[in-house]
1. Would you tally the residues in segment 57-73 being in contact with a Lys or Arg (Cβ under 7 Å, 6 or more places away or on another chain), touching a residue at least 40 places away in the same chain (Cβ under 8 Å) and open to solvent by 30 Å² or more (accessible area, probe 1.4 Å)?
2. Which ones in segment 275-321 are in contact with a strand residue (DSSP E or B) (Cβ under 9 Å, 6 or more places away or on another chain) and open to solvent by 70 Å² or more (accessible area, probe 1.4 Å)?
3. Test of understanding: among VAL199, VAL211, which residue is open to solvent by less than 70 Å² (accessible area, probe 1.4 Å), modelled with pLDDT of 90 or more and over 21 Å from the mean Cα position of the chain (by Cα)?
4. Tell me yes or no: at least one residue of segment 341-358 is among the polar types (S, T, N, Q) and either surrounded by 14 or more Cβ atoms within 10 Å (Cβ to Cβ) or at pLDDT below 90 (or both).
5. When you scan segment 74-92, do you find a residue that is open to solvent by less than 30 Å² (accessible area, probe 1.4 Å), within 28 Å of THR143 (Cα to Cα) and modelled with pLDDT under 90, even just one?
6. Could you please find all residues in segment 322-340 being among the small types (Gly, Ala, Ser) and surrounded by 13 or more Cβ atoms within 10 Å (Cβ to Cβ)?
7. Read through the list (1) surrounded by 13 or more Cβ atoms within 10 Å (Cβ to Cβ); (2) farther than 18 Å from SER97 by Cα; (3) touching a Phe, Trp or Tyr at 6+ places or on another chain (Cβ under 8 Å), then give the number of the only condition that THR7 fails.
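The values are calculated or read from the model by the stated rules, or taken from the named source; none is laboratory data. No experiment lies behind these values; they were computed from the predicted model shown. Neighbour counts are summed over all protein chains in view; Cβ atoms, including those assigned to glycine, are modelled from backbone coordinates with ideal geometry. The protein model used for the area step is the full one, side chains on, heavy atoms only, and it has no ligands, DNA or RNA in it. Shrake-Rupley method; radii C 1.70, N 1.55, O 1.52, S 1.80 Å.
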Amino acid sequence: MPSASPTPSPFIYWGQSAQNIFIKIALKDVTEQPDVDLSNDHISFEGRGVGAHGDCVYKFSIKPYRHISPEKSRLRVTGSEVLLDIPKRDTTARDESWPRLTKDVAKHAWIRPDFDKMDISDDEEEMQREKKRLEKEYIDKLTSEMAETQDKAIEDIKKNYLFSYSLFHLIAYSFILVKVIIGIFTTEDYNAFEDVGTVLIIAQLFSFLEVVHPILGLVKSSFVSPLIQTCGRNFILLVVIWNEPRIHGSSFVSYLVLFWSLADVIRHPFYMLTSMGLSLNFLTWLRYTMWIPLYPLGTGCEWMVVWLSIPLYESSGKFSLELPNTYNFSISITTYMYMHLLIIPVGLTKMMLHMAALRRKKLGSCSRTRSTTTKDKKHN
């Protein structure tokens, strides 16, 4: 389990007079009384507010340069800061100026001098230059930290969205896969579309988001391959199968749903881990190997479903416009279906070449890593 992040220290600005030490803690919106512990040689603070690291708990603990008088100190909380007014204790050195706030000489990036509260006699011009330099340094650091915090928040939202998207598809296709396997092996004349069609349609409609993800920069890949796969699947499902009940009971439809589900049950767990910056060698191997049998099998079923549907659509005349008509032109879905039979193998070829290149890139690098590790062990 990863260790918890350390509690950040707030920026504090300190100044002094001959008798007192002034500490300004840069925390806004401190709604609850902070915990301040003072002793002769110790100053500690813990409180919640809005600082350089956002809205969280901040704390610090220091040993002052000389002894202080905690019983006479004063605490004041405003909307933009927390103020401490602490008297110096050493009577022999009450008029002596402290060279620093802390007893140790180490420099703390979060401790800065407050020149407005500093009773010193250095050159005024030099003091103003130093003041402006420190203020600019603080503003630049605060701006940088806020930008980093914003970028991290956006990255976390993106990771959680991609994880949830893949989790939804994993659950949906796992349900479909189990139902179809049981139906194929236990039910004669099994009708997969009637059994899981609604869930399959919902999952496939959401799959259009895979085309949008690369366009928005959510994933580092091209939108072309998911566009080909998503449009091909949804034409088969939402046009060819859904609108012709006579094809629902075909065994090719059942096996088509089976192969689609197997492919997505493998790839979506891989995407879930990838979105979190994780990986499993076996799951990576499955993702970039199982497409070799599943893509041709699934595409073959797609081809057969379209082929068997053509005479059904010719007899019903659905999605067709025959002459004569008001518009004086004819259109037939079966013409496009014949064209689609030619498009399917072209799309399959492009997807196979794309996946083969990815497989060489992903599994080739894994093989080289394992080979290098084995050689190192032998040398050792």
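1. Here is the first cut: in segment 57-73, the ones in contact with a Lys or Arg (Cβ under 7 Å, 6 or more places away or on another chain) are 57, 63-69.
Filter once more, so that each one left must be touching a residue at least 40 places away in the same chain (Cβ under 8 Å): 57, 63-64, 68.
From the residues that got through so far, the ones that are open to solvent by 30 Å² or more (accessible area, probe 1.4 Å) too are 57, 63.
Looking only at that region, the number is 2.
2. First, the residues of segment 275-321 that are in contact with a strand residue (DSSP E or B) (Cβ under 9 Å, 6 or more places away or on another chain): 319-321.
Within segment 275-321, PHE319 is the sole residue that qualifies.
3. Working: VAL211 fails: over 21 Å from the mean Cα position of the chain (by Cα).
Answer to the selection: VAL199.
4. Within segment 341-358, the first condition is being among the polar types (S, T, N, Q), and the residues that meet it are 349.
With either surrounded by 14 or more Cβ atoms within 10 Å (Cβ to Cβ) or at pLDDT below 90 (or both) added as a condition, the list becomes none.
For segment 341-358, residues among the polar types (S, T, N, Q) and either surrounded by 14 or more Cβ atoms within 10 Å (Cβ to Cβ) or at pLDDT below 90 (or both): absent.
5. no
6. Pass one, segment 322-340, residues among the small types (Gly, Ala, Ser): 330, 332.
Answer for segment 322-340, where residues must be among the small types (Gly, Ala, Ser) and surrounded by 13 or more Cβ atoms within 10 Å (Cβ to Cβ): just SER332.
7. Every condition holds for THR7 apart from (1).
Quick grid of which residues meet (1) farther than 28 Å from ASP140 by Cβ; (2) modelled with pLDDT of 90 or more:
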| position | (1), (2) |
| --- | --- |
| PRO6 | no, no |
| LEU27 | no, yes |
| ASP37 | yes, yes |
| ARG48 | no, yes |
| ILE62 | no, yes |
| HIS108 | no, no |
